[in-house]
Every structure is written in structure tokens, then in C-alpha cells.
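Data first, discussion second: the structure below is written as C-alpha cells.
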Amino acid sequence: MAKETQQTCFRTTIGGQALIEGILMRGPEKQSIVVRRPDGGMEVKNEELKLIKERYPVLGLPFIRGCVTFLDSMYRGVKALMFSADFYPEEEAAQPSKFEVWLEKKLGSEAFGKVIVGLSVVLGICFSVGLFFLLPTVITNLLGYLIPMNKLAVSLVEGVIRVAIFLSYLILVSKMKDIRRVFSYHGAEHKTIFCYERGLALTVDNVRDMPRHHPRCGTSFLFVVVAVAILVHAVLFTFVTPANVFVRMLLQLLTLPIIVGISYEFNRFAGGHDNFLTRILTAPGLWMQNFTTFEPDDSMMEVAIEALKQVLPAQKGQDRW
């Protein structure tokens with residue numbers, strides 16, 4: 001099939017997330033979840049976007065909007081992930097505990113579902129903060145008893161350990177069979193968005209030829225968070241000498257909103273510009289996508305195409321960056 005002539009490229013604000021046998025795509029007006037059912041068909045669930053910053057404009061200000069967007073994306077992402085998982089239940093699903101049954105009766109199914117999603121988000125954040133922020137601090141503190149280090153050396157060693165843990169985690173997770181399939185859907189999402197941004201028809205043939213590494217990927221954002229954390233903590237602890245490791249960890253937790261805010265603004269800047277500087281700054285995040293995106297098959301690309309079509313704005317160009 002001959003491809004359509006490529007039109008002027010542009011950058012879209014549409015983004016997505018890979019699910020279990022599906023994709024969540026988010027546009028300027030609504031989001032869509034498309035899941036490949038076990039029978040081969042596609043389940044589509046659309047939802048109008050109601051952003052909290054529309055009710056409270058202050059939450060949409062630079063550096064504040066980063067944390068708000070991050071938490072909102074996590075909540076919606078976990079909710080979508082649980083929706084896709086319902087189509088592929090485990091063979092021996094665990095029975096709900098008495099507490100879960102009691103809580104559902106008290107709250108009702110809808111409220112109970114929101115509580116579960118909220119708890120999942122909190123646990124996910126706690127796990128990430130503990131693994132990528134607090135654990136490197138503990139390890140560095142233990143090394144300090146063996147190797148005398150000044151303030152700068154402590155920050156550098158802590159940063160190296162943080163990056164090493166982050167990379168090791170991504171590499172190990174990417175080796176898991178089920179996760180690898182999710183990461184293939186991640187690749188389908190990127191390739192479909194690239195196809196759309198290049199003005200080509202959204203067909204499997206066109207999508208197949210697109211690159212799977214996208215500069216506005218969540219993986220790149222996470223890497224930026226880690227990199228910004230290293231810089232912020234290095235500056236902070238150059239002027240502040242914590243009394244002990246627990247005070248140091250507390251200060252790191254208190255700076256997290258600042259780190260997320262800076263990282264979000266950096267990603268917005270890099271997403272809206274394409275020059276020599278932004279290409280250098282986004283290169284590490286693109287390289288890391290070797291572990292979080294894989295080549296999709298045709299059925300995965302079909303799901304991604306359908307998800308993207310569902311969130312295209314009614315007014316052409318409304319999604320331009």
C-alpha cells in the first residue's frame with residue numbers, strides 16, 4: 001500500500017500509557033482506554049477530561065502544575081491499568097479479605113474502587129521514593145563509615161548509586177515476559193503518535209515504519225527527575241549539613257515537589273523545542289527507552305491507532321504543542 005505524502009510535521013500534546021493488552025491515550029478534551037479482549041475484539045472506554053486546574057487556576061501555574069499533573073496522571077494510569085487487568089484475571093485469583101468485603105459494603109462499589117486506586121497510587125509513590133531516593137542515601141551513609149567523604153563526594157556517590165539502582169530496575173523489569181509485552185504496547189503508542197505528528201494516515205503500514213523512541217516519553221521524565229534530584233541535593237547539601245541520615249532523608253522528601261516541578265517544566269520546554277541543546281539534554285532519556293519500549297506486532301498497533309483516533313480534538317490543531 002502506497003503511503004500518503006508526508007505533510008508538515010508538528011508536535012502534539014497527546015500522550016499515552018501502555019496497559020495490559022491495551023493503551024491509555026490522553027488528548028486535550030478526553031482520554032480513551034482501548035484494550036484487546038481475549039476474544040480478539042477491542043474494548044473502548046472514553047472519558048471526558050475534567051482537570052482540577054480548571055476549578056483552581058493556581059494549580060496550573062508553572063512549577064506547581066508539575067506535581068498536580070504527575071499525581072493526576074498516576075491516578076488515571078493506575079485506574080486504567082486495573083480496568084485492563086479485569087479482562088485478564090489470574091487463574092487463581094485471591095479471595096477478598098474480610099476487611100475488603102466490609103469496606104466495600106460501607107463505601108459502596110464506586111467509592112471502594114476509588115479508595116483502592118488511591119491506595120495503589122500512594123503505595124507506588126512510596127515504593128519509588130524509597131527505592132530511588134531513600135535507599136541510595138542509606139547506602140551512601142553506610143559507605144561513609146568505610147570511606148571518608150566530603151560534602152561534594154557524598155552527593156556524587158549518592159547520585160551514582162541512584163542512577164545505578166534506577167537503570168538496574170528498568171533492565172531487570174524489562175526482562176520479565178509479561179512486562180515486555182506491556183512495553184511493546186508502549187512502543188506501539190510512541191510509533192502511532194509519531195505517525196500522527198508527521199501528518200501520515202493512521203494505518204498499520206505507516207505506523208510500522210515510525211521510530212519507537214519518543215522525546216516526550218514518561219521514561220524520559222523519570223530520568224529527568226533523577227537527574228534534577230542529584231543536582232538539587234548536591235546544591236542543598238553543599239550549604240546544609242544534616243545532623244544525621246534521617247534528617248538528610250527528610251530534607252530530600254521535602255524537596256520532592258520542587259524536583260518534580262522543575263522536571264515537568266524541563267520536559268515541557270524540551271517537548272516544545274527541537275534544537276541542538278534539547279537533543280543533547282533528551283538523549284539519555286531516549287537511550288533509556290531501549291529498556292521500556294519494544295517493537296509491537298500489528299495487533300498492538302491497531303489498538304494504539306484506535307486509542308489515538310478516539311482522542312483527536314474536534315477542532316483541528318487544538319492539540320498542537
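Residues checked against (1) open to solvent by 80 Å² or more (accessible area, probe 1.4 Å); (2) under 26 Å from the mean Cα position of the chain (by Cα); (3) of a type in the set (A, V, I, L, M, F, W, C):
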{"position": "CYS126", "(1), (2), (3)": "yes, yes, yes"}
{"position": "LEU134", "(1), (2), (3)": "no, yes, yes"}
{"position": "ALA164", "(1), (2), (3)": "no, yes, yes"}
{"position": "SER184", "(1), (2), (3)": "no, yes, no"}
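Identify the residue in region 236-290 that is among the hydroxyl-bearing types (Ser, Thr, Tyr), at pLDDT below 90 and over 16 Å from the mean Cα position of the chain (by Cα) and, among all such residues, is least open to solvent (accessible area, probe 1.4 Å). Looking at residues that are among the hydroxyl-bearing types (Ser, Thr, Tyr), at pLDDT below 90 and over 16 Å from the mean Cα position of the chain (by Cα), I get THR278.
Results for (1) in a loop (DSSP other than H, G, I, E, B); (2) in contact with a Phe, Trp or Tyr (Cβ under 9 Å, 6 or more places away or on another chain); (3) at pLDDT 95 or above, shown as yes or no for each residue.
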site: ILE165; (1), (2), (3): no, yes, yes
site: SER168; (1), (2), (3): no, no, yes
site: SER184; (1), (2), (3): no, yes, yes
site: ALA188; (1), (2), (3): no, no, yes
site: ASP205; (1), (2), (3): no, no, yes
site: PRO215; (1), (2), (3): yes, no, no
site: PHE221; (1), (2), (3): no, yes, no
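A quick yes/no check of all residues on (1) among the small types (Gly, Ala, Ser); (2) part of a loop (DSSP other than H, G, I, E, B); (3) more than 30 Å from ASN141 (Cα to Cα); (4) in contact with a strand residue (DSSP E or B) (Cβ under 6 Å, 6 or more places away or on another chain):
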residue: ILE230; (1), (2), (3), (4): no, no, no, no
residue: VAL247; (1), (2), (3), (4): no, no, no, no
residue: LEU256; (1), (2), (3), (4): no, no, no, no
residue: ILE259; (1), (2), (3), (4): no, no, no, no
residue: TYR264; (1), (2), (3), (4): no, no, no, no
residue: PHE269; (1), (2), (3), (4): no, no, yes, no
residue: LYS309; (1), (2), (3), (4): no, no, yes, no
residue: LYS316; (1), (2), (3), (4): no, yes, yes, no
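Considering only region 13-52, give the strands (runs of 3 or more DSSP E) lying wholly within it that have at least 1 residues that are of a type outside the set (A, V, I, L, M, F, W, C) and more than 24 Å from PRO215 (Cα to Cα).
On the way: elements: 15-19, 22-26, 30-36, 42-48.
Fully inside region 13-52 and qualifying: 30-36, 42-48.
The selection criterion, being touching a Leu at 6+ places or on another chain (Cβ under 9 Å), farther than 26 Å from GLU21 by Cβ and open to solvent by 30 Å² or more (accessible area, probe 1.4 Å), does not hold for VAL224.
Every test in (1) out of contact with any strand residue (DSSP E or B) (no Cβ under 8 Å at 6 or more places or on another chain); (2) in a helix (DSSP H, G or I); (3) of a type in the set (A, V, I, L, M, F, W, C); (4) closer than 30 Å to THR203 by Cβ is passed by VAL226 save one, and that test is (4). Filtered by the rule that a residue be open to solvent by 20 Å² or more (accessible area, probe 1.4 Å) and within 14 Å of VAL303 (Cα to Cα), region 186-204 gives HIS186, LEU202, THR203, VAL204. Considering only region 53-75, how many residues are touching a residue at least 12 places away in the same chain (Cβ under 8 Å), of a type in the set (A, V, I, L, M), open to solvent by less than 80 Å² (accessible area, probe 1.4 Å) and more than 10 Å from TYR264 (Cβ to Cβ)? Counting residues in region 53-75 that are touching a residue at least 12 places away in the same chain (Cβ under 8 Å), of a type in the set (A, V, I, L, M), open to solvent by less than 80 Å² (accessible area, probe 1.4 Å) and more than 10 Å from TYR264 (Cβ to Cβ) gives 1. For THR293, indicate whether it is in contact (Cβ under 8 Å) with a residue 24 or more places away in the chain, outside any helix (DSSP H, G or I) and under 17 Å from the mean Cα position of the chain (by Cα). It is true that THR293 is in contact (Cβ under 8 Å) with a residue 24 or more places away in the chain, outside any helix (DSSP H, G or I) and under 17 Å from the mean Cα position of the chain (by Cα). Pick from VAL207, VAL157: which is farther than 30 Å from VAL240 by Cα and touching a helix residue (DSSP H, G or I) at 6+ places or on another chain (Cβ under 6 Å)? Only one candidate passes the filter, namely VAL207.
The values are calculated or read from the model by the stated rules, or taken from the named source; none is laboratory data. Quick caveat: nothing in here was measured; it's all calculated off a predicted structure. Note that we place each Cβ from the backbone using ideal geometry, even for glycine, and neighbour counts take in every protein chain shown. Protein only, heavy atoms only, side chains kept; ligands, DNA and RNA dropped before computing areas. Shrake-Rupley method; radii C 1.70, N 1.55, O 1.52, S 1.80 Å.
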